[in-house]
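Below is one structure, written out as C-alpha cells, with a few remarks after it.
The values are calculated or read from the model by the stated rules, or taken from the named source; none is laboratory data. Worth saying up front: this structure is predicted, and the values here are computed from it rather than measured. Using ideal geometry, Cβ is built from the backbone for each residue, glycine included, and neighbour counts are taken over all protein chains shown.
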Amino acid sequence: EPEVTQTPSHQVTQMGQEVILRCVPISNHLYFYWYRQILGQKVEFLVSFYNNEISEKSEIFDDQFSVERPDGSNFTLKIRSTKLEDSAMYFCASSGNLSNEKLFFGSGTQLSVL
Amino acid sequence: SQQGEEDPQALSIQEGENATMNCSYKTSINNLQWYRQNSGRGLVHLILIRSNEREKHSGRLRVTLDTSKKSSSLLITASRAADTASYFCATANTGTASKLTFGTGTRLQVTL
C-alpha cells in the first residue's frame, strides 16, 4: 500500500539553527499538509499546499516557516531559526483529489530544539 | 471547551467488549473524521462522515453524527488487543478549505 515517508525520524538541533524536514507524499496525491503535535497536546494544523502554492496556513505558521515542493516528489518544511517551543512531532500528510478528506500521514519527524 | 473534545480521555476494556468514544465540536462542519494513532506513529484514517449523514459503518466501526448537538461517537465492536491506540476526531469546518481541527483524543487500552 502506498505511504507517506518522512525523513529524518528524529532531528536534534540547537536553538536558532535552521532545519529542513522532508516528506515524500503519495505519488498521485494533489494536496499536501504539515501538522505538528507537541507532546501530550492536540495535533495542530500548520499549512496546506496545492498546485504549488500555500492554500491555507495557521497562525503558528509564521515567517519562520516555509514549505516547498522542489521537484515532483518531495515536500519540505523549513524552520528558519528554531525556538525551544518548536520542539514537537511534525507530521506530513497528503490527500487525493479532495482537500481535507482522508489524509494519509507519515510516521513523523520528532524535532528536539535544545 | 475547545473544538474537538473527546471523552473519555482514557478507556480500558477487555477484548471482545465494545468501545465507545465521543467527540464534541463547536463550529459548523463539512465533515468529521476519525483517526487512529499507535504510540509514536502517524495517524491512520478510519472513517469519514459528512454533515448530511447521521450514521456510517465500516467493518467493526460505527460512527454517528448529530449536528444539532455538535457531537459524534465512534463505536468499535468486538474489540481486539490490536485496537489499542489513541483515537482522534477531526473536523473539516465550514469556511476552511483544507484544514482539519483535531480533538484531544481518547486513549483506548484493550486487554486480553
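A quick yes/no check of all residues on (1) surrounded by fewer than 21 Cβ atoms within 10 Å (Cβ to Cβ); (2) in a strand (DSSP E or B); (3) more than 14 Å from chain B (Cβ to nearest Cβ):
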site	(1), (2), (3)
A:PHE49	no, yes, no
A:GLU56	yes, yes, no
A:ASP71	yes, no, yes
A:LYS78	yes, yes, yes
A:THR82	no, no, yes
A:PHE91	no, yes, no
A:SER107	yes, no, no
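Between A:ASN52, A:ASN74, the distinction of being free of Cβ contacts under 8 Å to residues at least 60 places away in the same chain and in contact with a Pro (Cβ under 9 Å, 6 or more places away or on another chain) belongs to A:ASN74 only.
Yes or no, residue by residue, for (1) more than 25 Å from A:MET89 (Cβ to Cβ); (2) touching a Gly at 6+ places or on another chain (Cβ under 6 Å); (3) at pLDDT 95 or above:
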{"position": "B:ASP7", "(1), (2), (3)": "no, no, no"}
{"position": "B:THR27", "(1), (2), (3)": "yes, no, no"}
{"position": "B:ASN30", "(1), (2), (3)": "yes, no, no"}
{"position": "B:GLY40", "(1), (2), (3)": "no, no, no"}
{"position": "B:LEU46", "(1), (2), (3)": "no, no, yes"}
{"position": "B:ARG54", "(1), (2), (3)": "yes, no, yes"}
{"position": "B:SER71", "(1), (2), (3)": "yes, no, yes"}
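Could you please let me know if A:SER95 is touching a strand residue (DSSP E or B) at 6+ places or on another chain (Cβ under 7 Å), more than 9 Å from chain B (Cβ to nearest Cβ) and among the small types (Gly, Ala, Ser)? In short, no. Determine whether the stretch A:36-44 contains at least one residue that is more than 9 Å from chain B (Cβ to nearest Cβ), under 17 Å from A:PHE104 (Cβ atoms), at pLDDT below 95 and in a loop (DSSP other than H, G, I, E, B). No, the stretch A:36-44 contains no residue that is more than 9 Å from chain B (Cβ to nearest Cβ), under 17 Å from A:PHE104 (Cβ atoms), at pLDDT below 95 and in a loop (DSSP other than H, G, I, E, B). If you check B:LEU108, B:LEU46, B:LEU65, B:LEU112 for being within 10 Å of the chain's Cα centre (by Cα) and either touching a residue at least 24 places away in the same chain (Cβ under 8 Å) or farther than 26 Å from A:ASN97 by Cβ (or both), only one passes: B:LEU46.
Scanning the stretch A:2-22 for residues that are within 11 Å of chain B (Cβ to nearest Cβ) and either in contact with a Phe, Trp or Tyr (Cβ under 9 Å, 6 or more places away or on another chain) or within 23 Å of B:GLN33 (Cβ to Cβ) (or both) yields A:GLU3, A:VAL4, A:THR5, A:GLN6.
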